[in-house]
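These notes are about the structure you will find just below.
Throughout, read-outs are computed from the coordinates displayed, never taken from laboratory work. Since we're looking at a predicted model, the values are computed, not measured. Cβ placement follows ideal geometry from the backbone for every residue including glycine, while neighbour counts extend to all protein chains displayed.
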Amino acid sequence: MSYDLIVIGAGPGGYVCAIRAAQLGLKVACVEGRETLGGTCLNVGCIPSKALLHATHQLHEAEHNFETMGLTGAKPKVDWKKMLGYKSDVIGQNTKGIEFLFKKNKVDWIKGWATIPAPGKVQVGDQTYEARKIVIASGSESSPLKGVEVDEKVIVTSTGALELGKIPKKLIVIGAGVIGLEMGSVFARLGTEVTVIEYLDRIIPGNDGEVARTFQRMLARQGMNFVLGAAVQTASATRTKARVTYRLRKDDSEHTLEADTVLLSTGRRPFTEGLGLEALGVRMTERGQIATDRQYQTSIEGVYAIGDVIEGPMLAHKAEDEGMAMAEIIAGQAGHVNYGVIPGVIYTWPEVASVGETEETLKESGRAYKTGKFSFMGNARAKANFAGDGFVKILADKDTDRILGAHIIGPYAGDLIHEICVAMEFGAAAEDLARTCHAHPTYSEAVREAALACGDGAIHA
Ligand code: NAI
């Protein structure tokens, strides 16, 4: 009952940390209270939403593009229960995969919810375990919004949205962030009338403004309605209907909308309930995150924290990278995360992907930069595949040509962004990308063209 390391939470941060630590020779256990491993991401987040995005994208292709390509015949019908079944199968395959990896790497799964009664001790139920080091990777939960009563049936968070009994006729999404737009897309493609209410005057705050405006236009063309600059006041539900009231910020007027379902997606907050952090005396930030030093150690020696419970973007891959670095640090190596190169992806169609600085952050810091932009309309592969909407934008230092950031809206943007991430990791200049041979015809040529546009100009523009 004694371990080198006990990790609390088996989401992408926790399970990766546990596996890497075991690979580095430590005796490791991971505590997880859910029935299955993988945390929010695998069970009720990234993976199930991507399954539904994939299925509904196929439907969209069949409805809109098949006939043009000479693929005629009956239009597919949607069997929602079956689609949810497919989604559950995908979850099952992935969560079982982690169980297998735990066995393979000799990581013990302690089932239950953990408390830290004292440094070096983890309690699960009646059992107390000794641990030389403890890593908290307990993730996050949906933030509540005053006036909005979530019942996970009519007024739902992303968790309930992935399990709706039927496809709603009308859906109101509160918050035009990542969750709202991904889940809004799923239902819009299934024929739901979707209205997104957003507090700010723009969607996807934090992303490049030009990308956000283009993205909003594209989503509107796909049938999504937007009410911007609107603060939601209340959302209440009867058994089958919901009513949302909001105030327009420009004139303070109050409005009401009705729908069958309301999705609350106004952000997430660290999940630390039941860990006993207050009694232990762990220092927290003003925003309810666990405060850590640069090596992820909390204010208590030997107790560390990574992922959504600490500061930084709440992204599975950020947590994974911290998990890996954490394991290396505990094993006495030099673990490190480059926070300047963490991509962000929105898995709609088209996808939106970004890394590094935006034009807004560069203007704010006064750093001189240049922009290389290329439209997918100039990319033969994209045109052939009905994916000519969108662009790649690379931002590079005006004097040194070093790549500072990139923003892509277009086909498979979430995959394309990574060649720019690798380039940035190596401190590359835009010219380095521009001089790299890219296979033709591929979407990635658009990235090269944007890099060329940072210099003497793109060829196909
Ligand atoms: P978010 O932080 O991305 O967006 C929340 C939105 O709600 C913001 O635009 C905000 O201005 C708006 N808002 C806040 N209060 C409001 C109010 N009273 N009325 C109207 N609008 C209001 O949060 P979201 O989408 O809930 O996602 C939570 C976390 O999960 C994020 O950190 C996100 O990065 C992560 N996530 C990442 C995904 C990905 O990487 N593809 C997928 C899903 C979630």
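How do Ile329, Ile136 rank when sorted from fewest to most other Cβ atoms within 10 Å of their own Cβ?
So the residues, fewest neighbours to most, are Ile329, Ile136.
Taking 35 Å as R0, compute the FRET efficiency from the Cβ-Cβ separation of Arg132 and Asn338 and round it to 0.05.
In this case the efficiency is close to 0.80.
Can you say what percent of the DSSP beta bridges in the stretch 1-154, counting only those with both residues inside, are antiparallel? Round to 5.
Percentage antiparallel, nearest 5: 35.
Give a quick list of GluC sites (Glu not before Pro) in the stretch 15-117 that DSSP marks as loop, anything other than H, G, I, E or B, with at most 14 other Cβ atoms within 10 Å.
Loop-located and lightly packed - Glu35.
Which is the longest stretch in the chain that no exposed loop site breaks, taking sites as chymotrypsin sites (Phe, Trp or Tyr not before Pro) with a DSSP loop state and at most 12 other Cβ atoms within 10 Å?
Longest site-free region, per DSSP loop and neighbour criteria: 1-338.
By the gyration tensor of its Cα atoms, with a ≥ b ≥ c the square roots of the eigenvalues, what is the shape of the stretch 16-159: rounded for a/c under 1.5, prolate for a/b over b/c, or oblate?
In terms of gyration-tensor shape, prolate.
Using Cβ counts within 10 Å as a stand-in for footprinting exposure, how do Thr358, Thr115 rank, fewest first?
Thr115, Thr358
Would you mind calculating the gained length between Thr245 and His60 on full extension (0.36 nm times residue separation, minus the Cα-Cα distance), in nm to one decimal?
63.4 nm
List the residues whose amide H sits under 5 Å from the amide H of Val173, counting only those 5 or more places along or on another chain, with H placed 1.01 Å from N in the peptide plane.
Thr195, Val196, Ile197, Leu263
Express as a percent, rounded to the nearest 5, the fraction of DSSP beta bridges in the chain (both residues included) that run antiparallel.
Expressed as a percentage, antiparallel bridges in the chain total about 60.
If you keep only loop residues by DSSP, which GluC sites (Glu not before Pro) in the stretch 131-168 have at most 15 other Cβ atoms within 10 Å of their Cβ?
Glu149, Glu152, Glu163
Work out the charge dipole of the chain with +1 on the Cβ of Lys and Arg and -1 on the Cβ of Asp and Glu about the Cα centre, then indicate which of Ala131, Val232, Ile116 is farthest towards its positive end.
Going by the charge dipole, the pick is Val232.
Please give every one of the lysines within straight-line cross-link reach of Lys121, meaning a C-alpha to C-alpha distance under 17 Å, and leave out same-chain neighbours fewer than 8 residues apart.
Lys27, Lys111, Lys133
Taking a cut-off of 14 Å between Cα atoms, list the aspartates and glutamates near Lys370, but don't count ones fewer than 8 places away on the same chain.
Glu357, Glu359, Glu360, Asp397, Asp399, Asp401, Glu431, Asp456
How many angstrom lie between the Cα centre of the stretch 143-169 and the Cα centre of the stretch 51-81?
Centre-to-centre distance over Cα atoms comes out at 26 Å.
Taking the Cβ of Cys17 as the center, what net charge do the other residues with Cβ under 12 Å away carry, scoring Lys and Arg +1 and Asp and Glu -1?
The answer is -2.
Among Lys153/Lys318; Lys146/Lys166; Lys96/Lys318, which pairs are too far apart, with a Cα-Cα distance over 25 Å?
Among Lys153/Lys318; Lys146/Lys166; Lys96/Lys318, the Cα-Cα distance tops 25 Å for Lys153/Lys318; Lys146/Lys166.
Express the relative contact order of the chain as a whole percentage, based on alpha carbon pairs under 8 Å and six or more residues apart in sequence.
Computed value for the chain: 15 percent relative contact order.
Evaluate the charge dipole of the stretch 341-453 about its Cα centre and quote only its size in Debye, nearest 20, assuming +1 on the Cβ of each Lys and Arg and -1 on the Cβ of each Asp and Glu.
Roughly 260 debye for the stretch 341-453.
When only DSSP loop residues count, what trypsin sites (Lys or Arg not before Pro) in the stretch 260-365 have their Cβ near at most 12 other Cβ atoms within 10 Å?
Arg283, Arg287, Arg294
Step through the residues of the stretch 235-252 one at a time and calculate ³J(HN,Hα) from phi using the Karplus curve (6.51 cos²θ - 1.76 cosθ + 1.60, θ = phi - 60°), rounding each to whole Hz and writing x for Gly and Pro.
Once rounded to whole Hz, the list reads 9, 9, 10, 8, 5, 10, 10, 10, 10, 10, 10, 9, 10, 6, 5, 5, 9, 6.
Just for the stretch 155-266, what percent of DSSP beta bridges are antiparallel, to the closest 5?
About 50 percent, rounded to the nearest 5.
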